[in-house]
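Heads up, the thing below is written out as structure tokens.
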Amino acid sequence: MITVSVFVGIDVSKDRLDVALRPSGDRWAVANEEPGLATLVERVRGLSPTLIVLEATGGLEAPLTGALAAAGLPVVVVNPRQVRDFAKATGKLAKTDALDASILAQFAEVIRPALRPLPDAATQTLSALLARRRQLIEMLTAEKNRLGPAPPPVRKGIRAHIAWLARQLARTDDDLAQAIRESPVWREKDDLLQSTPGVGPVLATTLLAGLPELGTLSRQQVAALVGVAPLNRDSGTLRGRRRVWGGRAQVRTALYMAALTATRYNPVIRAFYARLCAAGKAKKVALTACMRKLLTILNAMLKHRTPWQHHVAQSP
């Protein structure tokens with residue numbers, strides 16, 4: 001008896017969930033609400049799928065992903081850019097919800113992205129708080145930029161809004177700190193990370209929420225995941241410049257600011273940065289290398305559950 005592997009692609013929109021199967025090509029859709037979710041999960045579970053693929057859609061995919069994972073089904077949430085590039089490579093340029101579901105099913109069948117453990121409810125809450133913090137900072141920056149050129153009658157309202165945003169930001173920081181304190185595992189990891197000169201609460205929290213794999217991967221894997229691993233750009237006899245690309249943007253942004261601080265206050269990173277600059281490396285290239293080195297150190301610290309040690313961090 002021959003067993004056929006079933007691959008499922010699900011396109012998530014606000015009102016509807018479009019489902020496509022490979023290799024059969026079957027399609028159907030349900031409403032994106034509780035009864036529709038239950039029907040979809042039950043029907044997909046009966047297929048015993050090899051892999052289910054969804055796109056990240058800014059949080060709309062979270063209820064469905066949670067329901068599928070709770071049912072013990074193999075679900076992966078992938079980067080929409082990867083799927084779009086795959087669709088272009090296969091000559092499928094049209095875009096509808098039903099077509100997107102078919103592309104996702106084909107992507108699952110051909111690419112077979114690796115399954116990763118999904119974040120638990122506490123990690124999702126921490127991620128949401130971090131996202132809200134970023135939004136508040138962006139709004140604060142925008143309002144402060146508006147304040148200078150604004151006419152006097154408008155400034156009063158802008159100042160009041162700035163004060164309100166500042167209070168909301170402080171409250172969000174308190175919520176983040178409390179969420180970490182309430183988890184013994186996070187508290188231990190946070191203490192380990194912040195024992196490193198240059199690493200503050202923002203990077204530590206960002207790593208806990210946005211890079212839960214830290215401490216479980218090799219240094220090459222974690223650098224590629226964040227997007228600080230240099231990628232080759234060679235073709236024939238051409239040898240292009242190595243560049244970093246892709247990865248988790250929020251983690252990389254926080255890591256950049258921490259590395260910038262570490263080049264001044266962390267003795268290991270400071271010496272490494274100075275050595276690269278003395279060797280003629282551009283400051284941006286040297287700083288990217290410092291980001292990678294700092295990430296490697298933090299990964300090793302969590303893997304071995306040891307706090308910052310100057311002599312250990314100096315080893316390559």
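The values are calculated or read from the model by the stated rules, or taken from the named source; none is laboratory data. Keep in mind the model is a prediction, meaning the values are calculated, not measured. When we count neighbours, we look across all protein chains shown, and the Cβ atoms used for this are built from the backbone with ideal geometry, even at glycine. All accessible areas refer to the heavy atoms of the entire protein, side chains included, with ligands and DNA or RNA removed. Shrake-Rupley method; radii C 1.70, N 1.55, O 1.52, S 1.80 Å.
Numbers for the structure displayed
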quantity: Loop-located trypsin sites (Lys or Arg not before Pro) in segment 66-128, at most 16 other Cβ atoms within 10 Å (DSSP); calculated: K92, K95
quantity: Gyration tensor verdict on segment 1-125 (Cα atoms; rounded if a/c is under 1.5, prolate if a/b is larger than b/c, oblate otherwise); calculated: rounded
quantity: Correct choice for volume of the Cα convex hull per residue in Å³ that was computed from the model, options (1) 222; (2) 190; (3) 121; calculated: (1)
quantity: Estimated D of segment 145-238 in µm² per second, where Rh is the Kirkwood radius over Cα pairs and Stokes-Einstein applies at 20 °C, 1.002 mPa s; calculated: 125
quantity: Accessible-area composition of the chain, carbon plus sulfur, in percent [1.4 Å probe]; calculated: 56
quantity: Relative contact order %, the chain, counting alpha carbon pairs below 8 Å whose residues are six or more apart; calculated: 13
quantity: Relative contact order (percent, whole number), segment 31-120, Cα cutoff 8 Å, 6+ residue spacing; calculated: 32
quantity: Accessible area per residue in Å² at 1.4 Å probe, computed on the chain; calculated: 57
